[in-house]
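Q: What follows is a structure written as structure tokens; I'll ask about it next.
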Amino acid sequence: MPTDTAPPLRAFVQLSYGYGATNWHTRWKKGEIPGINEPYAYGYYRAAGPGIVIAQSEDKVEGPLSRLVRYGVRFILGFDFIQAWRNRGGILSADVVWTHTEAQALAVLLLYRLTSGASHPPLIAQSVWLMDRWPHEPAWRRLLMRSLLSRADMLTFLSPENLAQARTIFPGQRMEWIPFGIRADEMTDHPAPRHAPGSPIQVLSLGNDRHRDWTTLIAATSSLPADVTCHVTIATASLPPSATHVTRVTPTHNDALFGLYDAADIVVVPLTHNLHASGITVIEEATLRGLPVIATDTGGLRHYFDGTCVFYVPVGDAQAMGHAIVTLACDPDRCARMVRNARERMHTCLNSKSYALRHVALSRELLSQRTSTTQAPMADAPSPAARNMKITVGIATSGRPDILRETIAELGRQTHQAHRIIVCAPTMQDMTGLPPSEGLILLQGPRGLAHQRNLLLRHMGDADIVVFFDDDFLPDPDYLTHCARAFAMDPDIVVATGRVLADGAKGPGLTVEAARDMLANPSVNDTPPLPAIQAAWNGYGCNMAYRLSSIASAGLRFDERLPLYAWYEDIDFSRQLGRQGRIVRVNGAKGIHLGSKSGRTPGRKLGYSQVANPLYLSRKGTFPLDHALRSIGRNMAMNAIRSLWPEPYIDRRGRIIGNWLAIRDAILGRISPEKMLTL
């Protein structure tokens, strides 16, 4: 009988103008693209097979006017949006989109923004030079790039150094290192260098990257021992310093480039400090041509080839580079071992097929997350790692002892019992009536959410996860079970927040009885077809979980400059910890936030914090300025409008006064979060 088969995965590769499939392939067949290149740029086509179809962007034939328009838009934006727009049909009809550099990723994301009514396939947005360029970009362009890239489904990088820097700019986003590899189908034998007195060592260096350090290379080869001579060939379009023993060439055909490799004894990759594994293509090409490589130790190259494969020297150290050249020229056995070790790496994992297949694996993961249901059936037993996960619940409270008792009672119904429940309040009266329990710890600390949560952190003991609940958050009985599953399943998750089924903070508040009725009502406590885990921008303060080992390694604490209610302390803390890994929402971890109005910060003080805290966090670097301005504008507009017909449970007029006091202080340059305490 015929059986249904799943349709193949359709991946679309968006590349720069000039790298279009037809254009590239035509030039490749003529040998006009120097290097060990693929028939189609970067070898993405190698992922094609029975279960996947690969399509690649095409280059439109341009006239002078259309080229001028495309260049003009690229100059203004910093990336080629016109190329993406011309290929929008292939992009929007694909199952997943891959880009090779940040320029294409930004263009695709802007296309998504401008086609909001269309269905957008997930994007694997690769960056190469972005992190090196980031500090030098104008502020407005950084805001644009941050706004666009924060919406990518996954950010990928060719170097772990790039990735680590990106964590500080896009904390909590899904990020992956994808080792870049080239076509390794053929490996050419090459005799190891054997330096004979009087014969010059033939050194070859190649590359057009701005991080090539020609000055150090020429200095290194100009001061070799008296009995050693050297000739350096530099293949580059740039203009290195002149020297009598240096020849600059610009090969335009593969035959010329391979002739340079064949004539060389050693390949040297001199580099200035960078983050993007500059020179990795040259190292891989030299390895395939059988040549030993000397490289500057920067950019994460050691993550590709260790010291048994490449001879590394410090950045800018001409003496060390010269010593390395002489050492290899006099040690053919070491050269042969280095080439052999490097080739083994390329044979097993550093090649274009491995590179392309890694994109496929990540694509299937993204698509499965989009189509999976909220959670596995509860009949399925949690994994041993999830069952053994020690979760401590921390609750900061003030002025709500009756509600606190109900919240503690709900925690006793969890299917994954908390390792401990620790409560912190300014006075013992705030915790009256709590029944004694072996796992319940009561702490007294300074008033203020940040202060109280820091005290909770100091008493976590041997817990794996801390879950911070507001004292008026009633969790579904399976909340901690799903939380444990998520953290056990993915070690990259460092922050998780649950799904709020109803939030009384957005209205007059909910009673405990109403919240329990909602949790028992399947139409409210539902299981819609949501992914089990989704990327989130931050943890929501009423229910958020953190991996304690990540907090410890980061030495992180809640910012005590955010007083009392500590407006946005959840964003600040989770975005900082997000630099260590992923921030996610676990849709199976559900609950009701009562949004109780007792114990709240007075209106004028809270209104001041609505302006002061976002500006402070923007300067601190945990809340982008565009987000801060939108937040301030939204809250001020709401307070101003609703102050005409204020809700009985919100002091709108007090808030708008606090807003304007903060704006005044910001203009005068004397704004700070702590000033709300004086109002």
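Q: Just to verify a result, which residue in the stretch 446-470, among those that are part of a loop (DSSP other than H, G, I, E, B) and of a type in the set (A, V, I, L, M, F, W, C), is nearest to E560 (Cα to Cα)? Spell out how you get there, then give the answer.
A: If we filter the stretch 446-470 for residues that are part of a loop (DSSP other than H, G, I, E, B), which is where we start, we get 446-448, 458-464, 470.
Those left that are additionally of a type in the set (A, V, I, L, M, F, W, C): 460, 463.
Details: M460: 19, A463: 23 Å.
So, considering only residues that are part of a loop (DSSP other than H, G, I, E, B) and of a type in the set (A, V, I, L, M, F, W, C), the one nearest to E560 (Cα to Cα) is M460.
Q: Hey, another quick one. Exactly one of (1) more than 19 Å from the chain's Cα centre (by Cα); (2) in a helix (DSSP H, G or I); (3) surrounded by fewer than 21 Cβ atoms within 10 Å (Cβ to Cβ); (4) modelled with pLDDT of 90 or more is unmet by A612. Its number?
A: Every condition holds for A612 apart from (3).
Q: List the pairs whose first member sits in the stretch 250-275 and is on the phi < 0 side of the Ramachandran plot and open to solvent by 40 Å² or more (accessible area, probe 1.4 Å), whose second member is of a type in the set (S, T, N, Q) and part of a loop (DSSP other than H, G, I, E, B), and whose Cβ atoms are under 8 Å apart, counting only residues at least 6 apart or on separate chains?
A: As it stands, the answer is T250/T236; T272/T298; H273/T298, since those pairs meet every condition given.
Q: Taking the stretch 483-502 as the region of interest, how many residues are open to solvent by less than 10 Å² (accessible area, probe 1.4 Å) and either closer than 12 Å to S550 by Cβ or in contact with a Leu (Cβ under 8 Å, 6 or more places away or on another chain) (or both)?
A: Of the residues in that region, 5 qualify.
Q: Please find, within the stretch 551-583, the residue that is modelled with the highest pLDDT out of those that are open to solvent by less than 10 Å² (accessible area, probe 1.4 Å) and out of contact with any Leu (no Cβ under 9 Å at 6 or more places or on another chain).
A: Of everything passing the filter in the stretch 551-583, S574 is modelled with the highest pLDDT.
Q: Working only within the stretch 206-215, note down all residues that are over 11 Å from G279 (Cβ atoms) and in contact with a strand residue (DSSP E or B) (Cβ under 8 Å, 6 or more places away or on another chain).
A: Once the filter is applied, which keeps residues that are over 11 Å from G279 (Cβ atoms) and in contact with a strand residue (DSSP E or B) (Cβ under 8 Å, 6 or more places away or on another chain), the stretch 206-215 yields only W214.
Q: Based on what the data block shows, is L357 closer than 30 Å to V269 by Cα, open to solvent by 60 Å² or more (accessible area, probe 1.4 Å) and of a type in the set (A, V, I, L, M, F, W, C)?
A: Spelling it out, L357 is indeed closer than 30 Å to V269 by Cα, open to solvent by 60 Å² or more (accessible area, probe 1.4 Å) and of a type in the set (A, V, I, L, M, F, W, C).
Q: Which pairs have Cβ atoms under 8 Å, sit 6 or more apart or on different chains, and link a residue in the stretch 469-496 that is of a type in the set (S, T, N, Q) to one that is modelled with pLDDT under 90 and part of a helix (DSSP H, G or I)?
A: What qualifies is T481/A386.
Q: Which condition breaks for D333 when tested against (1) within 23 Å of L158 (Cβ to Cβ); (2) among the charged types (D, E, K, R); (3) at pLDDT below 95?
A: Result: D333 passes all but (1).
Q: Let me ask you something else. Taking the stretch 301-319 as the search range and keeping residues that are over 20 Å from F157 (Cβ atoms) and in contact (Cβ under 8 Å) with a residue 40 or more places away in the chain, which one is surrounded by the fewest Cβ atoms within 10 Å (Cβ to Cβ)?
A: Within the stretch 301-319, the match that is surrounded by the fewest Cβ atoms within 10 Å (Cβ to Cβ) is Q319.
Yes/no matrix, rows are residues, columns are (1) modelled with pLDDT of 90 or more; (2) among the hydroxyl-bearing types (S, T, Y); (3) in contact with a Leu (Cβ under 6 Å, 6 or more places away or on another chain):
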{"position": "G621", "(1), (2), (3)": "no, no, no"}
{"position": "D626", "(1), (2), (3)": "no, no, yes"}
{"position": "A637", "(1), (2), (3)": "yes, no, no"}
{"position": "L644", "(1), (2), (3)": "no, no, no"}
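Q: Right, next: Can you say whether L443 is open to solvent by less than 10 Å² (accessible area, probe 1.4 Å), under 24 Å from M428 (Cα atoms) and either part of a helix (DSSP H, G or I) or not charged (D, E, K, R) (or both), as far as the supplied structure shows? Break it down stepwise before answering.
A: Values: open to solvent by less than 10 Å² (accessible area, probe 1.4 Å): no; under 24 Å from M428 (Cα atoms): yes; either part of a helix (DSSP H, G or I) or not charged (D, E, K, R) (or both): yes.
No.
Q: So, in the stretch 218-243, exactly how many residues are in a loop (DSSP other than H, G, I, E, B) and either out of contact with any Leu (no Cβ under 9 Å at 6 or more places or on another chain) or buried (at least 19 other Cβ atoms within 10 Å of the Cβ) (or both)? Steps first, answer last, please.
A: Restricting attention to the stretch 218-243, the residues satisfying the condition of being in a loop (DSSP other than H, G, I, E, B) are 223-229, 236-243.
Pick out the ones that are also either out of contact with any Leu (no Cβ under 9 Å at 6 or more places or on another chain) or buried (at least 19 other Cβ atoms within 10 Å of the Cβ) (or both) and you get 223-229, 237-239, 241-243.
The qualifying residues number 13.
Q: Looking at I91, I82, I124, I76, can you tell me which residue is free of Cβ contacts under 8 Å to residues at least 12 places away in the same chain, more than 26 Å from K620 (Cβ to Cβ) and of a type in the set (V, I, T)? Quick ask: steps written out before the conclusion?
A: Details: I91 fails: free of Cβ contacts under 8 Å to residues at least 12 places away in the same chain; I82 fails: free of Cβ contacts under 8 Å to residues at least 12 places away in the same chain; I124 fails: free of Cβ contacts under 8 Å to residues at least 12 places away in the same chain.
Unique residue meeting the criteria: I76.
Q: Continuing with this model, one more query. Kindly indicate the residue of the stretch 533-547 that is of a type in the set (A, V, I, L, M, F, W, C) and crowded, with 20+ Cβ neighbours inside 10 Å and also modelled with the lowest pLDDT among those meeting that condition.
A: Across the stretch 533-547, the extreme among qualifying residues is I533.
Q: Within the group L629, L677, L668, which residue is under 30 Å from P401 (Cβ atoms) and surrounded by fewer than 19 Cβ atoms within 10 Å (Cβ to Cβ)?
A: L677
Q: Quick one: what pairs do we get from the stretch 213-230, first residue within 21 Å of V315 (Cα to Cα), second among the acidic types (D, E), C-beta under 7 Å, 6+ apart or different chains?
A: From residues that are within 21 Å of V315 (Cα to Cα), there are no pairs.
Q: On to the next question. Which residues, counting only those in the stretch 639-659, are crowded, with 16+ Cβ neighbours inside 10 Å and in a helix (DSSP H, G or I)?
A: Residues satisfying the conditions are N639, R652, R653, G654, R655, I656, I657, G658, N659.
Q: Okay, next question. Tell me which residues, restricted to the stretch 179-217, are buried (at least 21 other Cβ atoms within 10 Å of the Cβ) and of a type in the set (V, I, T).
A: If the condition is that a residue be buried (at least 21 other Cβ atoms within 10 Å of the Cβ) and of a type in the set (V, I, T), then I182, I201, V203, T216 are the ones that fit.
Q: Something else: Filter the stretch 406-440 for residues that are outside any loop (DSSP other than H, G, I, E, B), open to solvent by 50 Å² or more (accessible area, probe 1.4 Å), touching a residue at least 24 places away in the same chain (Cβ under 8 Å) and farther than 18 Å from G595 by Cβ and give the result. Please lay out each step first, then the result.
A: Just the residues of the stretch 406-440 that are outside any loop (DSSP other than H, G, I, E, B), to begin with: 406-411, 420-425, 428-431, 440.
Next, only the ones that are open to solvent by 50 Å² or more (accessible area, probe 1.4 Å) stay: 406, 420, 428-429.
Those still in the list that are touching a residue at least 24 places away in the same chain (Cβ under 8 Å) too: 406, 420, 429.
Those that are outside any loop (DSSP other than H, G, I, E, B), open to solvent by 50 Å² or more (accessible area, probe 1.4 Å), touching a residue at least 24 places away in the same chain (Cβ under 8 Å) and farther than 18 Å from G595 by Cβ: R420, Q429.
Q: Scan the stretch 280-295 and tell me whether some residue there is free of Cβ contacts under 8 Å to residues at least 40 places away in the same chain, more than 19 Å from C349 (Cα to Cα) and within 32 Å of the chain's Cα centre (by Cα).
A: yes
Q: Further, regarding this structure: Give the stretch 59-72 a look and list any residue that's buried (at least 17 other Cβ atoms within 10 Å of the Cβ) and free of Cβ contacts under 8 Å to residues at least 40 places away in the same chain, or say none.
A: none
Q: Could I ask something else about it? How many residues does the stretch 493-530 hold that are of a type in the set (A, V, I, L, M) and closer than 17 Å to D472 by Cα?
A: From the stretch 493-530, those of a type in the set (A, V, I, L, M) are 493-496, 500-502, 505, 510, 512, 514-515, 518-520, 524, 530; that's our starting set.
Subset that is closer than 17 Å to D472 by Cα: 500-502, 505, 510, 512, 514-515, 518-519.
Looking only at that region, the number is 10.
Q: Is there a residue in the stretch 594-616 that is within 30 Å of P529 (Cβ to Cβ) and either out of contact with any Pro (no Cβ under 9 Å at 6 or more places or on another chain) or among the hydrophobic types (A, V, I, L, M, F, W, C) (or both)?
A: From the stretch 594-616, those within 30 Å of P529 (Cβ to Cβ) are 594-595; that's our starting set.
This time we only want the ones that are either out of contact with any Pro (no Cβ under 9 Å at 6 or more places or on another chain) or among the hydrophobic types (A, V, I, L, M, F, W, C) (or both), so: 594.
Scanning the stretch 594-616, I find at least one residue that is within 30 Å of P529 (Cβ to Cβ) and either out of contact with any Pro (no Cβ under 9 Å at 6 or more places or on another chain) or among the hydrophobic types (A, V, I, L, M, F, W, C) (or both), so the answer is yes.
The values are calculated or read from the model by the stated rules, or taken from the named source; none is laboratory data. Small disclaimer: the values here were computed from a predicted structure and weren't measured. Here Cβ is always computed from backbone atoms with ideal geometry, including for glycine, and neighbour counts include all displayed protein chains. Heads up: the accessible areas ignore ligands, DNA and RNA and are worked out on the full protein's heavy atoms, side chains in. Shrake-Rupley method; radii C 1.70, N 1.55, O 1.52, S 1.80 Å.
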